[in-house]
Amino acid sequence: MAKRHVIVGAGPAGMHAIETIRRFEPEGSEIHLVCDEPPYARMVLPYYICGDVPESHVYTGGDDVFQKFGVTPHIGVRAERIDPDGKTVTLSDGTTLHFDTLLIATGSSPVRPPIEGLDLPGVTNLWTIEDARRLIEHTGQGKRVVFIGAGFVGMIVLNALYKRGCSLTVIEMMDQILPRMLDAEAARLATDWLAKRGVDVRCGTQAARILQHDGALAVELTAGDRIPADCVVIAAGVRPNVAFVRGSGVEVDEGIVVNERLQTNYPFIYAAGDCAQGPSVLGGKEVHAIQPTAIDHGRVAGANMAGQDVRYDGSLSMNVLDVCGLQIASFGRWDGEDDIVRLANPARPLYRKYVFDGDRMVGGILMGPTGDIMNLTDIGMVKGLVQTGIAMGEWKTYLKETHPLDLRRPYVALGVATRLLKRTLLPLPSDDPRVRPLPAEPDVETDKGPHHKVFVEAYRKVFGHS
């Protein structure tokens, strides 16, 4: 009998697992995909809402994809029960699927805060393609939109509706916006930026209920104020979809606990993506509900389901956001305050923060106008320094005391790119990009600074100059 893989969830983790299984097992095995909706890219929905892409570009899988990868789809149903001992999954339509390996990639769902009026017309999340269609229907030039929550997902949706010309108000119960991404000082700069672009940000207050009168909505705050609205977006965070797993014997903490092979406490059951609590590159096990982690998880799980022995070094918590022309990125333990480099220019605004543990960078925040940030490679360099965990030695002092904006010299001198290039997620050869850069030799005589000689020597070593 052919080996049978069952994958529950058609997000990035599930779809990348399918592709990876077929790279190692082109034939001779079955793949069954269970999902309550057709496969599509949730992160593309904001671009669909603001008109940057058509709806057809949101979808990531259909009959052609299923046929290409030899997948039997079970679309429109949910997994309701897992029996690890019997190796079966029971679906919402009563079907029972037997499996040899099972991947749980059920993602996460938006939190519904305890607020009256969440089910009124014009009140929505942005989590499904149906949510996106409702937002398009209820928003447009001059339409009043109130956000309940000012986290990462809320700000992504806000940016899309800003492009649609909506009048925007944000209500956040915490004392700042983006509380899981920015420290207080950076959040103040971001709030000022939004205010100058007409976004009404109200922090430290809560929505008590949502009302409807004569076809219009209003959000009533706990202080008694009422904010009129044509549409209300609930952006109060997300939680892993693990309810159907609890009680099955599969270990669940904040998410489904997995090891470096993405296996649960049952070695033939795997978990990946937003629902998985897996290894962090900075130690321990965490839920990282971000697309890069979901893709990595899916590929590692898929390889191991296909008989390989792939071990994951761990994911890095990170978020990159563009909101109303302001780009923000945070990595790792960005909230540390004990040993940091901080640089702020409110007029631009410009904000940099590097967090250290000894001489290793373990977190960072970068913020500035999109043109400033996107024209640099600093986001990638901070990510690389944190991800490799490289000992920076005197380069930490260079950033702290000499030039906090010059990440290039320590990045090159420490050979971070070389370390990253030597890493591979799967035991497969990389495709040849057919690019052979020939970097220019840096001029030793131009810069007599104390660190320049070290930089030049490292540069020559990395790029092979004599």
Mean-position separation - Cα centroids, region 294-338 and region 129-153, in angstrom: 27 Å
Whole-Å semi-axes of region 191-250's equivalent ellipsoid (Cα gyration tensor): 32, 18, 12
Under-5 Å amide H pairs with residue 276, H placed in peptide plane, nonlocal only: 256
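Using a 1.4 angstrom probe, figure out how much accessible area region 1-103 has per residue, in square angstrom, rounded to the nearest whole. Walk me through the intermediate numbers first.
Working: 4920 Å² over 103 residues.
Value for region 1-103: 48 Å² per residue.
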Dipole of region 278-394 [Lys/Arg +1, Asp/Glu -1 at C-beta], most positive-end residue of 318, 381, 371: 371
Separation between Cα centres of region 68-104 and region 1-38, rounded to whole Å: 11 Å
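How big is the Cα convex hull of region 177-279 in projection, averaged over all directions, in nm²?
On the way: hull surface 41.8 nm².
Mean shadow area of the hull around the Cα atoms is 10.5 nm².
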Mean accessible surface per residue for region 115-222, computed with a 1.4 Å probe while every protein chain stays in place, in Å²: 44 Å²
Under 5 Å, built H, 5+ apart or other chain: amide partners of residue 271: 104, 264
Residues whose placed amide H lies under 5 Å from that of residue 123, excluding near-sequence neighbours: 232
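Expressed in nm to one decimal, what extension gain is obtained for the pair residue 192 and residue 360 from 0.36 nm per residue of sequence separation less their Cα-Cα distance? Don't skip to the answer; put the middle values down first.
Numbers: separation 168, 0.36 × 168 = 60.48 nm, distance 3.22 nm.
That pair, residue 192 and residue 360, stretches by 57.3 nm at full extension.
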Loop GluC sites (Glu not before Pro), region 7-89 (other Cβ atoms within 10 Å of the site Cβ: 13 or fewer; DSSP): 27
Note, ³J(HN,Hα) from phi for region 92-99, Karplus 6.51, -1.76, 1.60, rounded to Hz, x at Gly and Pro: 5, 8, x, 5, 10, 9, 8, 9
For region 106-218, alpha-carbon Rg over 2.2 N^0.38 Å: 1.06
q = 0.08 Å⁻¹, the chain: log10 I(q)/I(0) [Debye, one scatterer per Cα]: -0.55
Ellipsoid semi-axes in whole angstrom, largest first, where each is sqrt(5λ) of the Cα gyration tensor of region 66-136: 32, 17, 11
Cα extents of region 232-368 along the three principal axes, largest first (Å): 55, 46, 25
Hydrodynamic radius (Kirkwood) for region 17-90, which is based on Cα pairs only, to one decimal in Å: 14.4 Å
Kirkwood-based shape ratio for region 21-175, expressed as Rg/Rh from alpha carbons: 1.06
Per DSSP, loop GluC sites (Glu not before Pro) in region 87-178 with at most 11 further Cβ within 10 Å: none
Evaluated at q = 0.13, 0.19, 0.28 Å⁻¹: base-10 log I(q)/I(0), Debye formula over Cα of region 220-282: -0.51, -0.71, -1.23
Per-residue ³J(HN,Hα) for region 299-306, Karplus 6.51 cos²θ - 1.76 cosθ + 1.60, θ = phi - 60°, Hz, x for Gly and Pro: 5, 5, 4, x, 4, 5, 4, 8
Å³ per residue enclosed by the Cα convex hull of region 368-407: 65 Å³
Under the Karplus curve 6.51 cos²θ - 1.76 cosθ + 1.60, θ = phi - 60°, whole-Hz ³J(HN,Hα) for region 60-77, x wherever Gly or Pro sits: 10, x, x, 4, 5, 5, 4, 5, 4, 9, x, 9, 9, x, 10, 9, x, 10
Stretchable slack from residue 133 to residue 52, in nm (0.36 nm times residue separation minus alpha-carbon distance): 27.7 nm
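Calculate the FRET efficiency for residue 209 and residue 180 from the Cβ-Cβ distance with a Förster distance of 30 Å, rounded to the nearest 0.05. Each step should come with its number before you reach the end.
Numbers: r = 25 Å, r/R0 = 0.85.
FRET efficiency, residue 209 to residue 180: 0.75.
Which FRET efficiency value, to the nearest 0.05, is calculated for residue 141 and residue 1 with the Förster distance at 56 angstrom and r the Cβ-Cβ distance? Could you put the intermediate results ahead of the total?
Details: r = 60 Å, r/R0 = 1.06.
My answer for the efficiency is 0.40.
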Pair residue 251, residue 343: separation of 7 Å Cα→Cβ label points (nm): 4.4 nm
Ratio of Rg to Rh over region 328-407 (Cα coordinates, Kirkwood Rh, two decimals): 0.94
Percentage relative contact order, region 44-124, counting C-alpha pairs under 8 Å, at least six apart: 12 percent
Whole-percent carbon and sulfur share, accessible surface of the chain, 1.4 Å: 49 percent
Alpha-carbon centroids, region 160-231 and region 367-425: separation in whole Å: 35 Å
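The values are calculated or read from the model by the stated rules, or taken from the named source; none is laboratory data. Note that the coordinates shown come from a computational prediction; the quantities given were computed from them, not determined experimentally. When we count neighbours, we look across all protein chains shown, and the Cβ atoms used for this are built from the backbone with ideal geometry, even at glycine. The protein model used for the area step is the full one, side chains on, heavy atoms only, and it has no ligands, DNA or RNA in it. Shrake-Rupley method; radii C 1.70, N 1.55, O 1.52, S 1.80 Å.
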